[in-house]
Each structure stands twice: as C-alpha cells, then as structure tokens.
1. Go through the stretch 96-129 and give me each residue that's small (G, A, S) and more than 19 Å from the chain's Cα centre (by Cα).
2. Cβ-Cβ under 7 Å, sequence separation 6+ or interchain: first residue in the stretch 349-360 and under 16 Å from H101 (Cβ atoms) and in contact (Cβ under 8 Å) with a residue 12 or more places away in the chain, partner charged (D, E, K, R) and surrounded by fewer than 19 Cβ atoms within 10 Å (Cβ to Cβ). Which pairs?
3. Here is a list of conditions, (1) within 16 Å of the ligand (Cβ to nearest atom); (2) on the phi > 0 side of the Ramachandran plot; (3) not basic (K, R), and H358 meets all of them except one; can you say which number that is?
4. For K89, which of the numbered conditions (1) modelled with pLDDT under 95; (2) closer than 20 Å to A164 by Cβ fails to hold?
5. State yes or no: is D243 in contact with a Pro (Cβ under 9 Å, 6 or more places away or on another chain), free of Cβ contacts under 8 Å to residues at least 60 places away in the same chain and within 18 Å of P31 (Cβ to Cβ)?
6. Counting only residues that are surrounded by 14 or more Cβ atoms within 10 Å (Cβ to Cβ), give me the helices (runs of 4 or more DSSP H) lying completely in the stretch 1-59 with at least 3 of them.
7. Looking only at the stretch 215-270, how many residues end up being of a type in the set (K, R), more than 18 Å from G68 (Cα to Cα) and either within 16 Å of the ligand (Cβ to nearest atom) or buried (at least 17 other Cβ atoms within 10 Å of the Cβ) (or both)?
8. Could you please give the count of residues in the stretch 53-78 that are closer than 20 Å to A118 by Cβ and more than 16 Å from the ligand (Cβ to nearest atom)?
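The values are calculated or read from the model by the stated rules, or taken from the named source; none is laboratory data. On a predicted model such as this, the values are computed, not experimentally measured, just so you know. Cβ: placed from backbone, ideal geometry, glycine included. Neighbour counts: every protein chain shown.
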Amino acid sequence: MIYLDYAATSPIRKEVLKAMEPYFSKYFGNPSSLYSFGIKAKSAVENSREKIAKVLHAHPSEIIFTAGGTESVNLAIFGLLKKLQADTKNKLHVITTKIEHHAVLHSVQALEKQGIEATYLSVDQQGFVGIKGLVKAIKPTTVLVSIIWANNEIGTIQPINKIAKELRKINTERQKKKLPQILLHVDACQAGGALDLDVNKLSVDMMSLNGSKIYGPKQIGILYLRRGTKIQPIIYGGGQERDLRSGTENVPAIVGMATALELAQEERLKENARLRGLRNYLIKNLLKIPGSTLNGAGIEKDSEENPIRLPNNVNISIPNVEGEAMVMYLDAQGICISAGSACTSTSADPSHVIAALHKDKDLAYGLRLTLGHDTKKSDLDKVIKLFPKIATELQRVHRMDMTVV
Ligand SMILES: *Cc1c(COP(=O)(O)O)cnc(C)c1O
C-alpha cells in the first residue's frame with residue numbers, strides 16, 4: 001500500500017506507542033486520586049503538559065488537554081462566546097474564513113443560530129486571507145477572529161503573526177474607545193509537525209492542536225489558552241483541567257501527544273526539507289497532465305524561512321476527472337489519496353475550500369495527496385506513472401458519456 005493521506009491522519013510512531021504503553025495497564029491509576037499510585041499517573045500528565053508548554057514557549061497552566069482537535073476548537077469558540085454572553089447583553093460578532101475545517105465552520109454556524117453575528121472572510125486564488133479584508137470586516141461588536149493556520153485541504157499557510165500584529169494595534173485603539181478586545185484563535189491542527197509553534201512569536205490568544213496529525217494518538221488534543229483569557233467550560237463534571245475540561249484524563253493519550261509533539265518539533269526542519277523536495281517533484285510531474293492546476297499556494301516562493309504551503313501537501317484539479325472515481329481507481333492499485341477532505345469524501349459535495357478559490361464549478365474538488373514519514377521517491381514514481389493514465393481514461397469515459405447525452 002502507498003499511503004498518501006497523512007493530512008487525514010497519521011500512524012502512531014513506535015516511540016510514541018512505547019511511551020504510552022505503561023499507562024494502559026501498569027500505571028492505570030486515576031490522576032485525581034491521593035495515593036501514590038494515582039500520583040504516578042498525575043505526574044505523567046503534568047510532565048506531558050510541561051513538555052508541550054516548552055514546545056509552545058508557553059506556561060504549563062496555559063495548556064488544556066481535550067479529546068482532539070474538534071473539541072479544542074469547540075472549547076475555544078463556544079467557551080469564549082459563552083463567557084462573553086454571560087458577561088454582557090451586547091451583540092457579539094465573530095470573524096472566520098471560508099476555508100476553515102468543519103470543526104470551526106460548523107461551530108461558527110451554530111453560533112449564528114444562537115444569535116451571534118458571523119463574517120466568513122473570502123480568500124484569494126491561492127487561499128490567502130487578506131489582512132485588509134479582515135480589518136474591514138471588524139465591527140464594534142467583534143470579539144473573536146478564528147483562522148486556520150495551515151489549511152488541511154490545500155496546504156496554504158496564513159501569515160498568522162502579521163494578522164496578530166494588526167489585531168494588537170486595533171485592540172490598543174479599541175481599549176481607548178472602551179470597545180471589547182478581539183481575541184485570536186488559530187486552528188493549528190495541520191501545523192504541529194511543520195511549523196514553529198512559539199505562541200509568543202505568533203502572538204495568538206488561543207491555539208488548537210491534536211495528536212492524530214502528528215503521529216500521535218487520535219482523540220487527544222490541546223487548547224493553548226493565553227493567561228488571562230477567560231472562557232467557560234463546555235463539558236461539566238469533576239473539574240479536571242482547571243475546571244475547563246472535566247472527565248478522567250486519558251493518560252496514555254496525553255503522554256502520546258506530548259511525545260509525538262516533541263519528536264515532530266525536533267525533526268521538523270530535516271523532515272520539512274525532505275518532504276518539500278518530494279512534494280515539488282510530485283507537483284511538477286502531475287502538472288504535466290493537460291489542463292491540471294495546482295490548488296493552494298504556489299511552490300516557487302515557499303521556503304523554510306517563509307513557509308506559505310505545507311511541505312507535504314499536493315492538491316490538484318483536473319478537468320473532466322471525477323474526484324471519487326480517481327480515488328477508487330487508485331485504491332484498486334493500492335494507493336490511498338483523498339478527494340476533498342477526509343470528513344466529506346463520502347459525500348459528493350464539492351469542497352467548500354476549493355470552491356472559495358474562485359475556480360470553475362467543474363473544478364470545485366481537489367485531488368489531495370499528502371506525504372509523510374514513510375513516503376519514498378519510489379512510491380511517488382509509481383503514482384506519477386499511474387495517475388495520468390487513469391486521469392486520461394476517466395476523461396475518455398467522460399467524453400463518451402457526454403456524447404451519449
Ligand atoms: C483534523 C483537523 C481537525 C479536527 O481534529 P480531530 O482531532 O480529528 O478532532 C481540526 N482542524 C484541522 C485543520 C484538522 O486538520
């Protein structure tokens with residue numbers, strides 16, 4: 001099998017599995033218990049929190065463990081808005097983008113049903129959010145901006161620190177006018193292995209990360225919550241995670257998440273360089289298919305110093321080639337790719353992300369190939385050989401269908 005869907009999820013790496021192992025049955029204690037056996041579990045949780053805080057240049061108290069990226073995003077968005085709604089009767093406004101993961105998109109849509117106003121920012125043809133457009137969308141009632149850092153479908157990386165700087169300037173002015181501060185939440189679930197996660201350089205207030213995209217376990221995530229940021233919980237119970245996320249801690253997954261993040265960041269520069277080379281090789285070869293176009297940021301200007309596209313992301317559209325058919329034919333050859341995002345690929349709906357890039361309706365899906373640890377050049381050579389053949393065949397069938405109609 002050639003697995004080219006690392007943006008959907010990654011396998012647990014062996015070092016992570018090994019670190020997790022003792023906490024399933026040997027040290028199974030509840031971190032909240034007082035006896036020393038529980039304390040063993042408790043210290044594993046706190047060591048993991050410290051490791052993650054170190055990677056983020058944050059304080060351990062700013063790290064909240066959740067059950068995955070989706071939950072982190074929900075906690076950030078609903079947690080903040082619930083708190084603000086409890087404190088004020090004023091109208092509230094949230095800004096996000098048209099290219100968010102459904103975790104954010106559907107959360108903001110749910111807020112709208114509760115009477116909160118929302119703006120979905122457009123992006124340019126490469127998927128970049130314009131800072132001017134963002135500034136224009138700000139209203140006196142704006143309290144939150146939520147932006148996907150590295151896009152899960154097209155790989156475009158937003159200039160978060162520039163956006164954050166602009167928001168800081170605006171917030172200083174707003175303070176003088178007694179307007180509410182605008183907080184910045186970043187969905188960083190695709191960035192954990194590829195980008196520098198220093199929250200001070202980024203200047204964000206909240207950031208969501210998960211284990212499943214960085215060779216860690218699934219259903220584990222963190223929310224970075226800058227000190228002083230007040231939110232309400234969305235899950236109530238025993239008061240774990242400083243009352244912000246109740247429920248017995250998933251100790252093995254927490255240990256796994258910390259180990260995965262630490263390793264991903266240690267290896268980041270080396271692995272980015274390797275993947276970037278493979279990615280460019282694959283893109284250049286797939287773009288030889290007549291009519292094919294690359295979705296997302298161009299690769300010419302992408303570099304480690306100024307990253308604008310995830311080093312492992314390839315996303316192309318080919319006219320008259322149905323995405324799902326392509327996925328099925330490649331699957332029959334043992335190659336796993338994705339059409340649209342993993343969460344929607346069972347439905348025939350066009351991708352909302354590709355649609356936001358102002359392409360023809362016919363091209364409103366993308367074939368996504370995302371590379372990872374096990375990807376070798378020889379795998380890509382197989383893909384480069386098969387892909388155009390299948391695409392040409394599908395185009396031929398499409399033409400025949402058109403003739404019959
Ligand atoms: C995967 C992903 C999520 C959801 O994370 P889960 O851990 O699957 O809940 C959210 N945002 C982005 C950008 C993702 O890639």
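1. Across the stretch 96-129, the qualifying residues are A110, G115, A118.
2. Pairs that qualify, where the first residue is under 16 Å from H101 (Cβ atoms) and in contact (Cβ under 8 Å) with a residue 12 or more places away in the chain and the partner is charged (D, E, K, R) and surrounded by fewer than 19 Cβ atoms within 10 Å (Cβ to Cβ), are H352/K98; A356/K98.
3. Status for H358: all satisfied but (1).
4. Unmet condition: (2).
5. yes
6. 14-20, 36-56
7. Of the stretch 215-270, the ones of a type in the set (K, R) are 218, 226-227, 230, 242, 245, 268, 270.
Going one step further and asking which of them are more than 18 Å from G68 (Cα to Cα), we end up with 226-227, 230, 268, 270.
Pick out the ones that are also either within 16 Å of the ligand (Cβ to nearest atom) or buried (at least 17 other Cβ atoms within 10 Å of the Cβ) (or both) and you get 226, 268.
So the count comes out to 2.
8. Total satisfying the criteria: 0.
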